[in-house]
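Laboratory data are not the source of any read-out in this text; all were calculated from the coordinates shown. Quick caveat: nothing in here was measured; it's all calculated off a predicted structure. When we count neighbours, we look across all protein chains shown, and the Cβ atoms used for this are built from the backbone with ideal geometry, even at glycine.
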Amino acid sequence: MESFSIFEKEAKQAIQIYQEMMFSIEDNCPVLFGTLNLTDINGVYQDSYKIKIKPKDNYPLTFPYVFEVEGRIPKNFDWHIFEAEGNFCIASQPEEILICKKGLTLIDFIENQIKPYLFNQTFRREHGYFLNERSHGDKGWIEFFEDELKTDSINNIIFVLESVLKREIPDRRSYCFCESGKKFRNCHKEAYNKLFAFDDLQLNWFISKLKNHKIKHML
């Protein structure tokens, strides 16, 4: 399987950097496992976690599975752990899609996704709350679009996603959809263009879910 071959190659590169981690094959699936140390910007040790990373069948188009294996993180959704499988809930679905579209490598994933996730877990254990946190489930990915588009209007988000689905690009002289009074090019152009990375299937799914969310909250 090509996805496993890619992961295996990257895992063997990763163990040269993360020397307390090892590569293995479990049930015909490549696995990277061991201790991941967390250090601050000055290289001072902060914490460590024993983890296991396994690719999904379509890696690197999706994040691999990541598990904490010592039981330091409670296996429940409040701690951003999927209860059924016990793997990390690292990012909202649209965020994951956009990150993978740019090109995901295992080392980048460890540095830019796993380490910040684990730092946040340590912060919560010490302070009682997460430093940076989105809501769970659908609300979490809706918050992503709210943040990107600087609006809490579901209608506005749907309008933008439907425009992106049609691959419509507003004229540079057009006023922005958000009714800020600014020209589009000086307001939401960058965020709008970012959404073009989603394919039609993904856009249709988000639009459908948002419309259902809107209907539920009107009842």
**Gyration tensor over alpha-carbon atoms, the range 2-127, equivalent ellipsoid semi-axes in Å** = 21, 17, 15
**Table column - 3J(HN,Hα) (Hz), the range 151-166, Karplus curve with 6.51, -1.76, 1.60, x for Gly and Pro** = 8, 10, 8, 4, 4, 5, 5, 4, 4, 5, 5, 5, 5, 5, 4, 7
**Unit charges on C-beta of K, R, D, E only; dipole of the range 2-127, Debye** = 100
**Request:** Add +1 for every Lys or Arg and -1 for every Asp or Glu among the other residues with Cβ under 9 Å from the Cβ of Arg173, and state the total.
**Result:** +2
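Kirkwood Rh over alpha-carbon pairs of the chain, then Stokes-Einstein at 37 °C and 0.692 mPa s: what D in µm² s⁻¹, rounded to an integer?
Numbers: Rh = 19.5 Å.
Once the numbers are plugged in, D ends up at 169 µm²/s.
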**Asked** Taking the chain as a Gaussian network, Cα atoms linked when under 10 Å apart, which of His136, His80, His127 shows the biggest mean-square fluctuation?
**Response** His127
**Request:** Consider a paramagnetic label point 7 Å from the Cα of Glu70 along Cα→Cβ; state which residues of the range 38-54 have an amide N under 17 Å from it.
**Result:** 38-40, 45-53
**Item:** Leading residue at positive end of dipole, the chain (Cβ point charges), from Asn155, Thr62, Met1
**Value:** Asn155
**Prompt:** Hey, in the GNM for the chain with a 10 angstrom Cα cutoff, which one of Ser208, Ser24, Ser180 fluctuates hardest?
**Reply:** Ser180
**Cα-centre dipole for the range 137-216 with unit charges at Cβ (Lys and Arg positive, Asp and Glu negative), debye to 20** = 280
**Complete:** Quick calc, the chain, dipole around Cα centre from Cβ unit charges on Lys, Arg (+) and Asp, Glu (-), nearest 20 debye, gives 820
**Request:** Scan around Tyr175 for amide H atoms under 5 Å from its own, H built in the peptide plane at 1.01 Å from N, and keep only partners 5 or more places away or cross-chain.
**Result:** Phe184
**Message:** Using a 7 Å offset from the Cα along the Cα-to-Cβ direction at both Val44 and Met22, what is the distance between the two label points in nm, to one decimal?
**Reply:** 3.3
**Complete:** If unit charges are put on Cβ atoms (+1 for Lys and Arg, -1 for Asp and Glu) and the dipole of the chain is taken about its Cα centre, the option from Cys29, Tyr117, Gly86 lying farthest towards the positive end turns out to be Tyr117
**Message:** Can you tell me what percent of all Cα-Cα pairs in the range 152-219 are more than 16 Å apart?
**Reply:** 49
**Request:** Tell me the GluC sites (Glu not before Pro) within the range 112-219 that lie in a loop according to DSSP and have at most 16 other beta-carbon atoms within 10 Å.
**Result:** Glu133, Glu168, Glu179
**Fully extended contour minus Cα-Cα distance, from Thr105 to Phe196, at 0.36 nm per residue** = 30.6 nm
**Fill in**
Computed over the chain: longest principal axis from alpha-carbon atoms vs helix 137-149 long axis, angle to nearest 10 degrees, is 60
**Asked** In angstroms, what radius of gyration and Dmax does the range 95-178 have, counting Cα atoms only?
**Response** 16.9, 51
**Message:** Test of understanding: in a Gaussian network model of the chain with alpha carbons linked when under 10 Å, which of Lys166, Lys209, Lys50 would top the mean-square fluctuation ranking?
**Reply:** Lys166
**Prompt:** Which value in deg cm²/dmol, rounded to the nearest 500, describes the helix-derived mean residue ellipticity at 222 nm for the chain, given -39,500 (n - 2.57) per DSSP H run of n ≥ 4 and division by the residue count?
**Reply:** -13000 deg cm²/dmol
**Fill in**
Any aspartates and glutamates whose Cα falls less than 12 Å from that of Lys194, other than same-chain ones fewer than 8 residues away, would be Glu95, Glu148
**Prompt:** Applying the Karplus parametrisation 6.51 cos²θ - 1.76 cosθ + 1.60 with θ = phi - 60° to the phi angles of the range 109-123, what ³J(HN,Hα) value in whole Hz is obtained for each residue in order, glycine and proline being reported as x?
**Reply:** 4, 5, 6, 9, 10, 5, 4, x, 4, 6, 4, 5, 5, 5, 4
